[in-house]
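The values are calculated or read from the model by the stated rules, or taken from the named source; none is laboratory data. All values derive from a computational prediction rather than experimental measurement. Ideal geometry is used to build each Cβ from the backbone, glycine not excepted, and the neighbour counts take in all protein chains shown.
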Amino acid sequence: MSHDPQNEVSPRTVEQVYKPMNRRTFLKGAAASMIGVAGLMAALKPLLELESGAVTLDDLLQKHYRELTREDLQRIIISLAQKEQREYGVYPNLRDVKPLDGVEFGYALNLTRCIGCRKCANACLKENNQSREDAKDLEMSYIRVLELNKGAINLETSDPYYDPALVPQEGKYYMPVQCHQCRQSPCTKVCPVQATWQEQDGLVVVDYNWCIGCRYCMAACPYDARRFNYKKPTVAKDQINPNQSYLSNRIRPKGVVEKCTFCLHRTREGKYPACQEVCPTGARVFGNLLDPNSEISYVLNNKRVYILKEDVGTQPRFYYFFDK
Amino acid sequence: MIAIERWIQRGNLRTLMKLGIGVVVSASIMNGAGEAPSAGTDSPPTAAATAFVTTSPLPSIARPQANQPLAGLPSDTHLDKTPPRRTKGLDLVKAGWTYNCMECHKLFPARWHYDDRPFNEHKDVKLEHGNNRFCLNCHHPTNRNAFVDYDGAEIAQADVVKLCAKCHGTIYRDWEAGVHGRQNGFWKAELGDKTKLRCIQCHDPHSPKFKPMQPLAPLRYPPRGANPLPATSPQTSAAH
Amino acid sequence: MRDYVTFLFRAWRLSFQGSARYYAWMSVLTLISLLGLHAWARQFVDGLQTTGMTNQVSWGAYIANFTFLVGVAAAAVMLVIPAYIYKKEHMHEVVLFGELIAIAVIVMCLLFVTVDLGHPERFHHMIPPFGVFNFPGSILSWDVIVLNGYLMLNLHIAGYLLYCRYHHRQPTRLFYIPFVFLSIVWAVSIHTVTAFLYVGLAGRGYWHHPLVPSRFLASAFVAGPALMIVTFQIIRRTTRYFICDEPIFTLRMIMTVAMIINMFLLGCELFTEFYYPTAHAAAAHYLFFGLHGHAGLVPWIWAAVSLNTLGLAFLMTPVSRHITGLNVACVACFIGIWTEKGMGLIIPGFVPTPLGQVVEYLPTLNETMVCLGIWAFGALLFSWMLHVAIPIMNGSLRAKPDLSAATQ
């Protein structure tokens, strides 16, 4: 219980504050403040390296996508296209693609036919202008192709690093996983700013200009479907796909989350997504769930279809099926 | 014998030599022409031909590249939509090749069995189509430009899909519905066309099992992840 | 209003008056804070690639520290309950310090969340009417409300009591007693809501079970009092403020009970995960024994369990009746709980990923500097608040000072 009087704030010390400020104390205070400010400036020096236009007043004042007027959105799109031209050297065909009426997208994957060639994962990188260090860097691809032993469904035993000379390997099967555009999506539920939401055609989209980068959605996703831009995306100029849309494959800023959008810049214009276009075995079936004559409806009505992690309760729009 | 000597002496030896050369030349032409439509590799002449051929074989004809029909949109230059198999025959037809199998096959009788006689042509064909042992299960016996149906009727070359449907009805049904094999282009018919691939663009009809292919480069351990395992050890261990 | 400005001015001036040791302490903390700020500025420019986080382990040291510190902040309630509900007189001496710790620690929590964001300049996207606030759906939005509310609550209570003391007048009960009782409930809620951030995620089996909030609270009520016990001894040594033994030993008792509960719950977890071999326990297996050859966290968690056991052993035995033994127990428990909650809770939630991929995590130098900078800033803030509050409590700093009186 001893205390050291030499190190306390004694009443005599305290009395100093009652006295009016004299020149000496003022100068002392001023000197101390200047040292403090100098220290602060030195600490914040890296901010000088920020690119001009990295944070503009327009960026900060931009409203949420769903509250933007058409004129606002057009203006923003033009400024984004100009920014991409400045930073990456390509002026994109950037537009906002609205959903079609009477459409709910569904996707099915035939596990009997997938051979694990990874063409879908590579096509995704190219179509969606994702950051990659070299042509073989699959980290940011929205599609993860897993190799599982026949007889096992437990994903804990999966291997995404498989690299045999030929696929498919004996005794293995291959399961690509991407965003399932869940009907009860946990990611949209947990986003604190509603930067990600479900559109009328079922797609879960992200407004990259609204996302604050907290990564709660990444923690919530049961399918590991989301990717984060830990740095400004590196995309080589000759690798850029110029057909871009605001909500899907425009080149993202750093610090935001991105995910598969079923290539909405293609699918909302009636085309197939890039992963389906390149699959050599035709394992992927995409279409409109609301159309009873579509291929996806045929699969759901005629094939042995199941859902990954059904017990979590996400009710996804991505189905897996077997032919035999 | 004396008559022959006297015929020869009468100066017909030159005629005989011209005749002999003519036979040799036409035999070698036939040999060389017979070689051209095959795989293009120089196979050694058979015993029957070597008796006549003494000169070098005729030069082989350069064959046009097989054109792959367009799959999907031309604007997708960054997407690799090549079908797994380069088809030969029907694309040559589209390129203008007059693919008339009967030009040879009108000379030679129909043979059923695949495996018990030496081939002059089609040496590259190895029949590994399930339980099929006979070429004529699929090829029409009298019109080799067509395929054969169960009742002996012809299936035209352009309708080759119907041939596959003969036995693979469920797969054909799925293909018609768009669920077997890949479709490219537009899923929404009002906005554009979709294209399907034909059976033979993925499956070699003589050896249709889908060929394993080399996968693209694997996922790498993320650059900022700690403690990566050495590249040789697989992620899954025997314990799990 | 003018009086209040004078009060603030005097407090500011007082913060520059002190002994050489005070100056040294504050300078060191300022230096570390500035280094942390520099590291964060680097991160702001280069993006979060300066950290060790990946797509697979997307939350790391920042959120780990945040989670731990919310627990420490909640522990201020451990002083309030004995003082106001059980009416233990001697606790009143120290309630204020609990509230000041809570303020400093909540500020640290808010800083940890801010440095974790990819776009901290967009935080206004959360604030209606300009922003879009996903309330009540997103638990993170609840967390924003409760943490800021708790900060306001403690600022009000501590500020009001200090200001009244500064003016040497009796505080009006209506202006602080309801808030004090509210803060009891609110303190429990901040840590429960933070626990619910994890518990609500059905896709992550390691977090999706009811023991998580229970362990959160139990471990918080060990770590918080441990910090407070050590702080009270520092206050005893460096100031003239008198703290008797009773608050310290009340806190010791609270720590003991909370640690027993925490260790019991740990035992429950270990049994549930490992009694029968199942792939559901993959994350726990990674943490305690390693998974598929990756075993980076194994030494850490066993060290934490050992420290906690040591601390509990000390607390339950007469060893901790002596102040040295108690200090050892407090330090052991604090470090053990920090490791357990940080590395033992956050990281295994991401290993393996929902698709079975195993990627390990280690913070980078830049990330560590930012964390240290925020800890130093919190210590700086708390030291400054004490430096001003104690003279007020002692009567030295008053609105109307009696300058002619002899010094005590």
Legend entry - C:E269 vs. criteria of a type in the set (D, E) and touching a residue at least 24 places away in the same chain (Cβ under 8 Å): yes
Inset, instruction - Would you mind telling me which numbered condition in (1) closer than 25 Å to A:V206 by Cβ; (2) under 27 Å from the mean Cα position of the chain (by Cα); (3) not β-branched (V, I, T) A:D311 fails? - result: (1)
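Criterion first (of a type in the set (S, T, N, Q) and under 15 Å from the mean Cα position of the chain (by Cα)) does A:N154 satisfy it?
Answer is no for this residue.
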Legend entry - Those residues of the range B:181-201 which are within 23 Å of the chain's Cα centre (by Cα) and facing another protein chain (nearest Cβ under 7 Å), in sequence order: B:G181, B:R182
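Taking only the range A:236-256 into account, find how many residues are closer than 20 Å to C:V45 by Cβ, more than 7 Å from chain C (Cβ to nearest Cβ) and in contact with a helix residue (DSSP H, G or I) (Cβ under 8 Å, 6 or more places away or on another chain).
To start, the set of residues in the range A:236-256 that are closer than 20 Å to C:V45 by Cβ comprises A:251-256.
Within this subset, residues satisfying the condition of being more than 7 Å from chain C (Cβ to nearest Cβ) are A:251-253.
Retained after the next criterion (residues that are in contact with a helix residue (DSSP H, G or I) (Cβ under 8 Å, 6 or more places away or on another chain)): A:251.
Residues meeting the conditions: 1.
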Inset, instruction - For the range C:352-370, state whether one or more residues are in contact with a helix residue (DSSP H, G or I) (Cβ under 6 Å, 6 or more places away or on another chain), of a type in the set (G, A, S) and under 30 Å from C:I235 (Cα atoms). - result: no
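So, of the residues in the range A:164-199 that are among the β-branched types (V, I, T) and under 22 Å from A:A108 (Cβ atoms), which turns out to be surrounded by the fewest Cβ atoms within 10 Å (Cβ to Cβ)?
Of all residues in the range A:164-199, those among the β-branched types (V, I, T) come to A:167, A:177, A:188, A:190, A:193, A:196.
Filter again for under 22 Å from A:A108 (Cβ atoms), leaving A:167, A:177.
Details: A:V167: 21, A:V177: 24.
Ranking the candidates gives A:V167 first.
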Legend entry - Which numbered condition C:I139 fails, given (1) closer than 30 Å to C:I235 by Cα; (2) under 21 Å from the mean Cα position of the chain (by Cα): (1)
Legend entry - Single unsatisfied condition, B:K123 versus (1) touching a helix residue (DSSP H, G or I) at 6+ places or on another chain (Cβ under 7 Å); (2) modelled with pLDDT under 80; (3) surrounded by fewer than 13 Cβ atoms within 10 Å (Cβ to Cβ); (4) not hydrophobic (A, V, I, L, M, F, W, C): (1)
Inset, instruction - Go through the residues of the range B:139-161 one by one and say whether even a single one is touching a residue at least 12 places away in the same chain (Cβ under 8 Å) and within 14 Å of another protein chain (Cβ to nearest Cβ). - result: no
Legend entry - Neighbours by Cβ (under 6 Å, 6+ apart or cross-chain): first from the range A:98-117, of a type in the set (V, I, T); second crowded, with 17+ Cβ neighbours inside 10 Å and in a loop (DSSP other than H, G, I, E, B): A:V103/A:D201; A:I115/A:P168; A:I115/A:T281
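At least 3 residues that are at pLDDT 90 or above and at the interface with chain A (Cβ under 9 Å from one of its Cβ atoms) in each: list the helices (runs of 4 or more DSSP H) lying fully within the range C:1-102 that qualify. Can you show your working first?
Details: elements: C:2-14, C:20-46, C:61-74, C:77-80.
Result: C:20-46.
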Inset, instruction - Mind counting the residues in the range A:165-174 that are more than 7 Å from chain B (Cβ to nearest Cβ) and assigned to a loop (DSSP other than H, G, I, E, B)? - result: 3
Legend entry - Odd one out for A:M218 among (1) assigned to a loop (DSSP other than H, G, I, E, B); (2) at the interface with another protein chain (Cβ under 9 Å from one of its Cβ atoms): (1)
Legend entry - Residues of the range A:114-139 that turn out to be more than 7 Å from chain B (Cβ to nearest Cβ), surrounded by fewer than 23 Cβ atoms within 10 Å (Cβ to Cβ) and within 15 Å of the chain's Cα centre (by Cα), as a count: 2
Inset, instruction - With the condition kept exactly as written, say whether any residue in the range B:71-87 is surrounded by fewer than 12 Cβ atoms within 10 Å (Cβ to Cβ), farther than 26 Å from B:Q214 by Cβ and modelled with pLDDT of 65 or more. - result: yes
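In this structure, is C:P352 more than 18 Å from the chain's Cα centre (by Cα), buried (at least 22 other Cβ atoms within 10 Å of the Cβ) and not polar (S, T, N, Q)?
Numbers: more than 18 Å from the chain's Cα centre (by Cα): yes; buried (at least 22 other Cβ atoms within 10 Å of the Cβ): yes; not polar (S, T, N, Q): yes.
So C:P352 fits the description; yes.
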Legend entry - Count of the range C:207-249 residues which are under 15 Å from the mean Cα position of the chain (by Cα) and polar (S, T, N, Q): 2
Inset, instruction - Name the one entry in A:E277, A:E258 that is within 25 Å of C:M126 (Cα to Cα) and in contact (Cβ under 8 Å) with a residue 60 or more places away in the chain. - result: A:E258
Legend entry - Top-ranked residue of the range C:139-173 - restricted to ones that are crowded, with 16+ Cβ neighbours inside 10 Å and among the hydroxyl-bearing types (S, T, Y), ranked as farthest from C:M385 (Cα to Cα): C:S141
Inset, instruction - Kindly list, by first and then second residue, each pair from a residue in the range A:17-45 that is within 8 Å of chain C (Cβ to nearest Cβ) and free of Cβ contacts under 8 Å to residues at least 12 places away in the same chain to a residue that is assigned to a helix (DSSP H, G or I) and surrounded by 10 or more Cβ atoms within 10 Å (Cβ to Cβ), limited to pairs with Cβ atoms under 6 Å and residues at least 6 apart or on different chains. - result: A:V17/C:R10; A:V17/C:R13; A:V17/C:L14; A:G39/C:L34; A:A43/C:L34; A:A43/C:L37; A:A43/C:H38; A:L44/C:A41
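Sort through A:W197, A:W210 and tell me the only one that's closer than 30 Å to A:L57 by Cα, among the aromatic types (F, W, Y), in contact with a strand residue (DSSP E or B) (Cβ under 8 Å, 6 or more places away or on another chain) and at the interface with chain C (Cβ under 10 Å from one of its Cβ atoms).
Numbers: A:W210 fails: in contact with a strand residue (DSSP E or B) (Cβ under 8 Å, 6 or more places away or on another chain).
Unique residue meeting the criteria: A:W197.
Only one of C:V80, C:V70 is buried (at least 23 other Cβ atoms within 10 Å of the Cβ) and of a type in the set (A, V, I, L, M); which? Full working, then the answer.
Details: C:V80 fails: buried (at least 23 other Cβ atoms within 10 Å of the Cβ).
On inspection, the qualifying residue turns out to be C:V70.
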Inset, instruction - Hey, can you tell me all the residues within the range B:164-185 that are at negative phi and either among the charged types (D, E, K, R) or not in a helix (DSSP H, G or I) (or both)? - result: B:K166, B:H168, B:R173, B:D174, B:E176, B:V179, B:H180, B:R182, B:Q183, B:N184
Inset, instruction - Taking the residues in the range A:1-31 that are modelled with pLDDT of 70 or more and more than 28 Å from C:K400 (Cβ to Cβ) as candidates, determine which candidate is farthest from the chain's Cα centre (by Cα). - result: A:L27
Legend entry - Pair list, Cβ < 9 Å and 6+ apart or interchain, from the range C:288-310 residues that are within 11 Å of chain B (Cβ to nearest Cβ) to residues that are among the acidic types (D, E) and in a helix (DSSP H, G or I): C:L291/A:E156
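Return yes when B:V161 is in the same structural domain as B:H140 (by TED's automatic domain parsing) and crowded, with 20+ Cβ neighbours inside 10 Å and no when it is not. Before you say what the answer is, go through the steps one by one.
Numbers: in the same structural domain as B:H140 (by TED's automatic domain parsing): yes; crowded, with 20+ Cβ neighbours inside 10 Å: no.
In short, no.
So if I check each of B:R198, B:R220, B:R182, which one is over 26 Å from A:N149 (Cβ atoms), of a type in the set (D, E, K, R) and either modelled with pLDDT of 90 or more or not assigned by TED's automatic domain parsing to the domain that holds B:N143 (or both)? First the steps, then the outcome.
Working: B:R198 fails: either modelled with pLDDT of 90 or more or not assigned by TED's automatic domain parsing to the domain that holds B:N143 (or both); B:R220 fails: over 26 Å from A:N149 (Cβ atoms).
Exactly one residue qualifies, and that residue is B:R182.
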